[in-house]
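K.L.:
A single structure is presented below for examination.
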Amino acid sequence: MKRILVAIKRVVDYNVRIRVKPDGTGVVTDGVKMSINPFDEIALEEALRLKEKGLAEEVIVVTIGPSDCQQQLRTGLAMGADRAIHVQTDAIIEPLVAARVLHKLAEKEQVMLAILGKQAIDDDASQTGQILAALWGRPQATFASRVEIEGGTATVTREVDAGLETLNVDLPAVITTDLRLNEPRYVKLPDIMKAKKKPLDILDLASLGVEALQQVQMVKFEPPAQRSRGVMVKDAQELFAALQKKGLV
Amino acid sequence: MSKILIIAEHDGSRLNQATAKCVTCAAAVAGAEITVAVFAADSAAVAAQAAQLAGVARVLRVDHPANAQPVAATLAPQLAALANGYTHVFGPSTTFGKDLMPRVAGLLGAPQLSDIMAVESATRFRRPMYAGNAIVTVEVAAGTQLVATVRTASFEAAGSGGNAPVEAAAVQVELPTHTRFVSVSAARSDRPDLQTAARVVSGGRALGSAENFQILYSLADRMAAAVGASRAAVDAGYAANDMQVGQTGKIISPELYLCFGISGAIQHLTGIKDARTIVAVNKDSEAPIFEIADIGLVGDLFQIAPELERLIAAAK
Ligand SMILES: Cc1cc2nc3c(=O)[nH]c(=O)nc-3n(C[C@H](O)[C@H](O)[C@H](O)COP(=O)(O)OP(=O)(O)OC[C@H]3O[C@@H](n4cnc5c(N)ncnc54)[C@H](O)[C@@H]3O)c2cc1C
Ligand SMILES: Nc1ncnc2c1ncn2[C@@H]1O[C@H](COP(=O)(O)O)[C@@H](O)[C@H]1O
């Protein structure tokens, strides 16, 4: 069966104004809206479109994290994923560990593609997809803005600093998504009901033979240096004068 | 002692300034010995430039036809093999480094720190999380080999005046054939490069069309500035993707950031926090961009941008 594995992470919603806890141990998450990482929604949308085009037969969503993450898996199922895997753990999961889990699952499920977000908007690491590709010994096409599957290969347009780069890679492969790849669909109410009946398997790290290794200690969180409000000018003339005074024009 | 290996970013003939910034970051690790590795089809020219960077102890050349294009799957096993004996492996947090370095970390089984913005010791660094809304001090155990990307906007480029020896390095690894470079479409322009420009003029959704962006190109040319854009402007097709500034675009640190019709979403502000002076023109006096702008002007960009251009022209 042609399967696509999509990794989705539960993160603080991108609209939330992030506040660092006064004691510096993290950011405030109590009572804060949580969502699927926006890049992962795009990853899932891409997988669903490939399935709808007949290029894949099954879409599996997977997340690694505490029990609350099942909400996001259910949302993924409501969007259209066929089944979900929850690798349940309360440990801090670094990209290397997430990639080890995804590697195990990619092999177990014999997937043709693993699609991940290009970065999780909480840790902003932008690592997991690339590490997965390394462990798996397979191609990576990161920061994708266009994906075409044909004859056992994927041709992927990537958003790079210079412009757009195109790679052609053999399948199976890892793709990570950029924002312009697609616009994710909205979940409809009946789909939420239907999603409740879709399979959701719960595994743990030990059953996959992965250790919750933590190599990076987060010693202290601080808010960024604040820029303060400057001066207002009233027209282009004053703006020009202000720039001139600073030697900027 | 720290031995730091930095991978050079280049276009085949010129060393990218991001490399010089990695050197400055590496030099902030006390007592570090810095080696720069240049992978290319023919790396002579780039290696010579790297050898001139102040603070570099040695340059390693790895010439191979497969290195003509910067493909992560091809470069990673070579860099991982070369990394043996180094305490740290650094690359820039450009799309080149972001693509490559985690693959290297994966091959080495080493932890990676993304976007280092400050060095506290050989094992302790600071990096942004949550789109720059939290600055986190992170630490790895002594003796752990560490891979990292360097947030280029946080470091000055290392100066020239160095004269490091250049050596050819032999790397015996099998290169994969599963990944083929097809093409890159670099929109070449005569304008300064967005990532290194001293001045940047940028525009948002308010520009309304690609044609209207001409107003900003014209002003930018008058100021010798690069041109940037918000995500909304890029998504709408008014500007090319390589012009996007922000969390998922380019992180820049120009002397002057002059933006028109950009509201100031946190994801955009992440990209400009290190700008020396931020100037915002927006018709909405409540726009969040004014909370961080050094100079703000409430008004219509279609009137103000051309007028500013005329004033600059008249003063010359
Ligand atoms: C995961 C994620 C990542 C993102 N990454 C980025 C990123 O890297 N970069 C980025 O920019 N965004 C990013 N965004 C999007 C971001 O949240 C905002 O949607 C985007 O920055 C808004 O762009 P804008 O300011 O051009 O548009 P708007 O928010 O629509 O603002 C337009 C502004 O123009 C003003 N205006 C209108 N007409 C005029 C006129 N005639 N003269 C003067 N002013 C006028 C309006 O008052 C308004 O303030 C990201 C979002 C997500 C979810
Ligand atoms: N704990 C996790 N559970 C599921 N997917 C994850 C997890 N961590 C990372 N990912 C995936 O990896 C991508 C990149 O994450 P990161 O490397 O942390 O920036 C995310 O967009 C997800 O697709």
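The values are calculated or read from the model by the stated rules, or taken from the named source; none is laboratory data. Source: prediction; values computed, not measured. Glycine gets a Cβ as well: all are built from the backbone with ideal geometry, and neighbour counts include every protein chain shown. Keep in mind that these areas ignore ligands, DNA and RNA; they rest on the heavy atoms of the full protein, side chains included. Shrake-Rupley method; radii C 1.70, N 1.55, O 1.52, S 1.80 Å.
K.L.:
Scan the helices (runs of 4 or more DSSP H) fully inside segment A:15-130 and keep the ones with 1 or more residues being open to solvent by 20 Å² or more (accessible area, probe 1.4 Å) and of a type in the set (Val, Ile, Thr).
P.N.:
Of the helices (runs of 4 or more DSSP H) lying wholly inside segment A:15-130, those with at least 1 residues that are open to solvent by 20 Å² or more (accessible area, probe 1.4 Å) and of a type in the set (Val, Ile, Thr) span A:70-79.
K.L.:
Still on this structure: Out of the residues in segment B:71-89 that are surrounded by 24 or more Cβ atoms within 10 Å (Cβ to Cβ) and within 15 Å of residue B:10 (Cα to Cα), which is farthest from the other protein chains (Cβ to nearest Cβ)?
P.N.:
The qualifying residue farthest from the other protein chains (Cβ to nearest Cβ) is B:75.
K.L.:
Limited to segment A:210-228, what total is found for residues that are within 17 Å of residue A:103 (Cα to Cα) and open to solvent by less than 60 Å² (accessible area, probe 1.4 Å)?
P.N.:
Number satisfying all stated conditions: 3.
K.L.:
Also, quick follow-up: Return the total of residues in segment A:110-146 being within 15 Å of ligand 2 (Cβ to nearest atom) and more than 7 Å from chain B (Cβ to nearest Cβ).
P.N.:
15
Conditions (1) more than 16 Å from ligand 1 (Cβ to nearest atom); (2) acidic (Asp, Glu); (3) touching a strand residue (DSSP E or B) at 6+ places or on another chain (Cβ under 8 Å), marked per residue:
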| position | (1), (2), (3) |
| --- | --- |
| A:103 | yes, no, no |
| A:108 | yes, no, no |
| A:112 | yes, no, yes |
| A:117 | no, no, yes |
| A:120 | no, no, yes |
| A:124 | no, yes, yes |
| A:127 | yes, no, yes |
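K.L.:
Then there's this: Taking the conditions exactly as written (open to solvent by 30 Å² or more (accessible area, probe 1.4 Å), in a helix (DSSP H, G or I), at pLDDT 95 or above and under 19 Å from residue A:207 (Cα atoms)), does residue A:135 satisfy them or not?
P.N.:
Considered against the rule, which asks whether it is open to solvent by 30 Å² or more (accessible area, probe 1.4 Å), in a helix (DSSP H, G or I), at pLDDT 95 or above and under 19 Å from residue A:207 (Cα atoms), residue A:135 comes out as yes.
K.L.:
Any idea which residue in segment B:281-296 is farthest from the other protein chains (Cβ to nearest Cβ), counting only those that are open to solvent by less than 10 Å² (accessible area, probe 1.4 Å) and touching a Leu at 6+ places or on another chain (Cβ under 7 Å)?
P.N.:
The residue in question is B:281.
K.L.:
Within segment B:284-316, take every residue that is farther than 16 Å from residue A:238 by Cα and over 30 Å from the mean Cα position of the chain (by Cα) and give me the one that is modelled with the lowest pLDDT.
P.N.:
B:316
K.L.:
For residue A:28, indicate whether it is touching a residue at least 12 places away in the same chain (Cβ under 8 Å) and β-branched (Val, Ile, Thr).
P.N.:
So residue A:28 does not fit the description; no.
K.L.:
Separate question: Determine the pairs where a residue that is more than 11 Å from residue A:84 (Cα to Cα), located within segment A:183-204, has a partner that is polar (S, T, N, Q) and part of a helix (DSSP H, G or I) with Cβ atoms under 7 Å apart, the partner being 6 or more residues away or on another chain.
P.N.:
A:187/A:75
K.L.:
So, one more: Only one residue in A:203, A:167 is assigned to a strand (DSSP E or B) and closer than 17 Å to residue A:61 by Cβ. Which one?
P.N.:
Every option except A:203 fails the conditions.
K.L.:
Out of (1) under 23 Å from residue A:244 (Cβ atoms); (2) away from chain A (no Cβ under 12 Å), what's the single condition that is false for residue B:209?
P.N.:
(1)
K.L.:
Anything in segment B:43-78 that is among the charged types (D, E, K, R) and more than 29 Å from residue A:140 (Cβ to Cβ)? List them, or say none.
P.N.:
Answer for segment B:43-78, where residues must be among the charged types (D, E, K, R) and more than 29 Å from residue A:140 (Cβ to Cβ): just B:58.
K.L.:
If you go through segment A:8-32, how many residues are away from chain B (no Cβ under 14 Å) and either more than 16 Å from ligand 1 (Cβ to nearest atom) or farther than 21 Å from residue A:84 by Cα (or both)?
P.N.:
Summing the residues that are away from chain B (no Cβ under 14 Å) and either more than 16 Å from ligand 1 (Cβ to nearest atom) or farther than 21 Å from residue A:84 by Cα (or both) in segment A:8-32 gives 2.
K.L.:
On to the next question. Out of (1) of a type outside the set (Asp, Glu); (2) outside any helix (DSSP H, G or I); (3) within 14 Å of another protein chain (Cβ to nearest Cβ), the odd one out for residue A:149 is which?
P.N.:
In the conditions (1) of a type outside the set (Asp, Glu); (2) outside any helix (DSSP H, G or I); (3) within 14 Å of another protein chain (Cβ to nearest Cβ), residue A:149 misses (3) alone.
K.L.:
Restricting attention to segment B:139-160, which residues are surrounded by fewer than 22 Cβ atoms within 10 Å (Cβ to Cβ) and aliphatic (A, V, I, L, M)?
P.N.:
Hits for segment B:139-160 are B:140, B:141, B:142, B:153, B:157.
K.L.:
Taking residue A:180, is it part of a helix (DSSP H, G or I) and surrounded by 15 or more Cβ atoms within 10 Å (Cβ to Cβ)?
P.N.:
Against the criterion (part of a helix (DSSP H, G or I) and surrounded by 15 or more Cβ atoms within 10 Å (Cβ to Cβ)), residue A:180 qualifies.
K.L.:
Filter segment A:150-166 down to the residues that are open to solvent by 10 Å² or more (accessible area, probe 1.4 Å) and touching a strand residue (DSSP E or B) at 6+ places or on another chain (Cβ under 8 Å) and list them by number.
P.N.:
A:152, A:153, A:155, A:157, A:159, A:160, A:161, A:162, A:164, A:165, A:166
K.L.:
Scan segment B:11-28 and tell me whether some residue there is in the same structural domain as residue B:155 (by TED's automatic domain parsing), assigned to a strand (DSSP E or B) and open to solvent by less than 20 Å² (accessible area, probe 1.4 Å).
P.N.:
The answer is no; no qualifying residue exists.
K.L.:
Among the residues of segment A:200-207, is there at least one that is at pLDDT 95 or above and farther than 30 Å from residue B:103 by Cα?
P.N.:
Yes, segment A:200-207 has at least one match.
K.L.:
With the requirement that a residue be in contact with a Gly (Cβ under 8 Å, 6 or more places away or on another chain), over 28 Å from residue A:132 (Cβ atoms) and part of a helix (DSSP H, G or I), what does segment B:42-89 give you?
P.N.:
B:46, B:51, listed by residue number.
K.L.:
I'm trying to understand the selection: among the residues of segment B:114-126, which are of a type outside the set (Phe, Trp, Tyr) and either in a loop (DSSP other than H, G, I, E, B) or open to solvent by less than 20 Å² (accessible area, probe 1.4 Å) (or both)?
P.N.:
B:114, B:116, B:117, B:120, B:121, B:122, B:123
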